[in-house]
Amino acid sequence: MSADVRDILDMERANTPEVTRDSFLATKKRNFERTKTASRRPEGMHREVFALLYTDKKDAPPLLPTDTALGIGAGYKQTKARLGMKKVRKWEWAPFSNPARNDAAVFHHWKRVTDDSTDYPFAKFNKQLEVPSYTMTEYNAHLRNNINNWSKVQTDHLFDLARRFDLRFIVMADRWNRQQHGAKTVEELKERYYEVVALLAKAKNQTGEKKVFTYDAEHERRRKEQLEKLFKRTTQQVEEEQMLINEMKKIEARKKERERKTQDLQKLISQADQQNDNASNTPSTRKYEKKLHKKKVHHQPRPSKVDSVVNAIEIGSSGIKFADLRGSGVSLRSQKMKLPANIGQRKVKALEQAIQEFKVDPAPPPTEDICISFNELRSDMVLLCELRTALSTCVYEMESLKHQYEAACPGKTLNIPPSLVPIKTEALDNSTN
């Protein structure tokens with residue numbers, strides 16, 4: 001196209017070689033050979049990985065690692081070492097002794113000449129436990145033990161091992177002289193040592209300075225026995241235990257499912273009752289209930305107030321029903337003494353006043369017997385308060401009936417039986433209290 005433009009504008013053509021058949025074929029051949037020798041990226045290989053294998057010149061990767069391709073230029077050739085102009089500090093082979101040793105042993109190590117300190121630098125890590133000591137008088141007065149059959153020679157040997165091995169009781173039990181002092185277990189050594197330490201602290205009035213450790217040897221023996229039994233379990237026992245645990249989880253899951261269904265059912269029942277109440281509030285339903293109520297009133301005798309009091313006493317005769325904690329999880333025994341949530345505030349206040357009146361501890365220690373007795377006592381107190389209320393109600397009704405009778409029949413009085421007179425006075429006294 002550029003040649004046509006040059007012809008139209010009468011411009012001279014550039015001296016370009018003439019394209020012939022031979023030159024065209026030679027160019028195609030060179031391009032084919034160039035693409036043939038070029039390395040192709042294998043299928044599945046990432047482009048970044050392939051670029052690390054070959055350079056721009058498409059050379060094969062080197063057999064040995066080199067840094068010439070990183071632009072450093074010098075490769076692995078290093079320049080002359082750069083040494084400082086300061087003088088080298090002198091060192092010497094000097095003797096030293098360890099303060100933790102008592103045999104006056106002398107050792108040697110390298111140290112700088114300028115270091116003037118002669119103390120061993122690692123002496124600060126030499127920490128030893130303070131093992132108490134005792135005299136013959138203190139042993140005879142406080143430490144003689146006839147129960148566990150420990151003699152003074154055995155106790156001296158025990159404390160000597162404690163000082164040598166820093167209370168490492170496993171090592172002490174291994175170094176114990178069984179031929180002279182008999183066989184002793186680790187628990188027996190610990191029990192005797194801590195017993196002597198506690199007795200010495202008590203004799204020297206050192207119990208307030210630091211807490212005295214109490215070692216329970218019997219508990220430690222049981223713990224090791226249980227651990228040994230646990231370690232010696234067979235494969236069948238482990239599988240059986242795992243099966244029981246899985247069954248327990250299934251039972252708990254079924255229990256939770258039943259509780260959830262029960263709650264859903266209670267919600268449905270409450271919703272149905274609410275709908276029935278709303279339906280009963282319609283005008284037609286109220287008129288029908290009024291007519292039915294009038295018919296019942298005409299046919300049934302009117303209940304007295306005394307009967308209502310008796311019914312109230314019968315209802316309240318049960319006292320308080322405390323929850324019985326029988327769950328599968330861990331719970332505190334003090335939860336048994338917790339008041340149920342369905343008790344009203346009046347009963348709670350009356351119960352608190354009764355506890356103060358009889359001078360009872362409101363929060364006793366929750367042992368099993370105390371929990372049962374305390375719950376029964378509070379239930380009886382609630383029942384007593386209800387009986388007092390019912391009795392005062394009866395006396396008040398008797399007095400009101402007497403006044404009504406005297407107003408209706410002038411000159412006449414309603415004689416109250418003498419057997420009720422003491423009850424009347426006691427009820428009035430209790431009501432005033």
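The values are calculated or read from the model by the stated rules, or taken from the named source; none is laboratory data. Owing to the predicted nature of the structure, the values given are computational and were not obtained by experimental measurement. Counting neighbours? That spans all protein chains shown, and the Cβs are built from the backbone with ideal geometry, glycine included. Note: accessible area is taken over every heavy atom of the protein model, side chains too, but ligands, DNA and RNA are not part of it. Shrake-Rupley method; radii C 1.70, N 1.55, O 1.52, S 1.80 Å.
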Go through segment 104-140 and report how many residues are at pLDDT below 85, more than 46 Å from the chain's Cα centre (by Cα), open to solvent by less than 100 Å² (accessible area, probe 1.4 Å) and not polar (S, T, N, Q).
3
Selection from segment 106-165 of residues assigned by the TED database to the domain that holds Lys190, assigned to a loop (DSSP other than H, G, I, E, B), aliphatic (A, V, I, L, M) and closer than 21 Å to Asn177 by Cα yields none
Could you list, in sequence order, the residues of segment 353-403 that are open to solvent by less than 60 Å² (accessible area, probe 1.4 Å) and charged (D, E, K, R)?
Arg378, Glu386, Glu397, Glu399, Lys402
Number of positions in segment 386-411 that are outside any helix (DSSP H, G or I) and small (Gly, Ala, Ser)
1
State all residues of segment 101-148 that are in contact (Cβ under 8 Å) with a residue 40 or more places away in the chain and among the hydrophobic types (A, V, I, L, M, F, W, C); if no residue qualifies, say none.
Ala141, Leu143
